[in-house]
1. Test residue 184 against the criterion of being within 16 Å of the ligand (Cβ to nearest atom) and within 23 Å of residue 81 (Cβ to Cβ), and give yes or no.
2. If you check residue 157 against the conditions, is it assigned to a loop (DSSP other than H, G, I, E, B), touching a strand residue (DSSP E or B) at 6+ places or on another chain (Cβ under 9 Å) and away from the ligand (no atom under 12 Å from the Cβ)?
3. Taking only the range 81-134 into account, find how many residues are within 16 Å of the ligand (Cβ to nearest atom), part of a loop (DSSP other than H, G, I, E, B), surrounded by 19 or more Cβ atoms within 10 Å (Cβ to Cβ) and at pLDDT below 90.
4. For the range 204-226, how many residues meet the condition of being more than 16 Å from the ligand (Cβ to nearest atom), in contact (Cβ under 8 Å) with a residue 12 or more places away in the chain and not in a strand (DSSP E or B)?
5. What number of residues within the range 182-213 satisfy the criterion of being surrounded by fewer than 20 Cβ atoms within 10 Å (Cβ to Cβ) and in contact with a helix residue (DSSP H, G or I) (Cβ under 6 Å, 6 or more places away or on another chain)?
6. Would you point out which residue out of 148, 165, 179 is free of Cβ contacts under 8 Å to residues at least 40 places away in the same chain, crowded, with 23+ Cβ neighbours inside 10 Å and part of a strand (DSSP E or B)?
7. Please note which strands (runs of 3 or more DSSP E) are completely contained in the range 368-470 and include at least 1 residues that are surrounded by 22 or more Cβ atoms within 10 Å (Cβ to Cβ).
Ligand code: GDP
């Protein structure tokens, strides 16, 4: 590639490098410094293009409006432990009318698509819970179109329910509330709806615009209504993608399979993934050897919103990684090697910048200063949140992603890290697990015992984020 751009012979470049003690082959990637020296040696001028140029043409290719076709919504189920997430996923799986002939959804590949009666297809991510959701988001992958918040009618709002609300809101994903276990004698959906108000989730029954549906995953009741609610929400979102182009997909999960080698379940975002396609995925590459669907059947191709297992990878990618089909092996190798190098650099760098923080810094609109607040008593948490909101200006708005009473938990940290936000502990500390995760993700923990200090430092940090121009 470099020889080409200089209109020199590849063999000459290799010879030169050999003479300098670099034992390389003609299709190997060399680092930037070596490349620059080499270019100068050959009497050419070095023009530095941006690092991201390697990736150009890979992603972000815009589609023409006329090529867009409706696609199935992608749904994630969240809620407190034991409120029935798994049961609901199982029950919904049972509404698949194609299930009979295909032998039902037998494979757990991380996601499945159902075709309910009188409805379009719907895709569910079947790793319930917000840990996976936020982990994906922190890696820049927003695959979920709709969140179903499951609340057990006999148990009401619990800590993880509230966390799930915070995660959903931070991601800006619309929510449908499924009030589950309606078959139980102690079911009290009214209290659930009222308590949701405290968290600014106003359901339709309370004249809000968040759909709420009473269900029983156990007795399979209310599932039709839930599917209707999903379809209605999907219609409002006008979900579309161009199926007639090279595929881009997101890794939902990946593993090393004993018999089959590295396997990744991907969800196609746009285009159609086909057998034989050459691709890069994260810092890995490959050629699609086989595609396997949730029925365990081999398929020739997978279009938008379709989850499918991909075989034929060079290694195991990570959940949240992007898969992109490219034109040639050489291109796949170039991008994969570039990304591997970038990842190494990133690991060496200290504070990781999240995708959100990056986009925040680039966008023209008013910036956001996001923060998670935990405190020892409700009164001080409320006082802090209201004082923080008071700091918003036309240029930068304070956004409290989540606030609450008690120690800083792992969930607080993952939520904050996904948005590049600091976590304020007012007279509280993180638990051991939270501290460990904060270290891993480079999330910033700040402790205060005087509200005045907290506000003062926030002002400084906000000014710092805005930079000197404003
Ligand atoms: P998860 O932890 O949120 O995935 O919850 P599970 O789906 O594992 O359900 C927890 C327990 O609640 C299990 O014993 C289920 O059988 C029970 N359960 C789930 N949905 C219902 C329901 O609609 N009615 C009743 N009575 N029990 C349910």
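1. yes
2. Numbers: assigned to a loop (DSSP other than H, G, I, E, B): yes; touching a strand residue (DSSP E or B) at 6+ places or on another chain (Cβ under 9 Å): yes; away from the ligand (no atom under 12 Å from the Cβ): yes.
Criteria met by residue 157.
3. The total comes to 5.
4. To start, the set of residues in the range 204-226 that are more than 16 Å from the ligand (Cβ to nearest atom) comprises 204-211.
Remaining after also requiring in contact (Cβ under 8 Å) with a residue 12 or more places away in the chain: 205-206, 210-211.
So of that shortlist, the ones also not in a strand (DSSP E or B) come out as 205-206.
So the answer is 2.
5. Count: 3.
6. Numbers: 148 fails: free of Cβ contacts under 8 Å to residues at least 40 places away in the same chain; 165 fails: part of a strand (DSSP E or B).
Just one listed residue meets the conditions, 179.
7. 396-405, 423-426
Rundown of residues vs (1) under 14 Å from residue 251 (Cα atoms); (2) free of Cβ contacts under 8 Å to residues at least 24 places away in the same chain, yes/no style:
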{"residue": "276", "(1), (2)": "no, yes"}
{"residue": "309", "(1), (2)": "yes, no"}
{"residue": "332", "(1), (2)": "no, no"}
{"residue": "335", "(1), (2)": "no, no"}
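The values are calculated or read from the model by the stated rules, or taken from the named source; none is laboratory data. Source: prediction; values computed, not measured. Cβ sites come from the backbone with ideal geometry, for glycine too, and all protein chains shown count toward neighbours.
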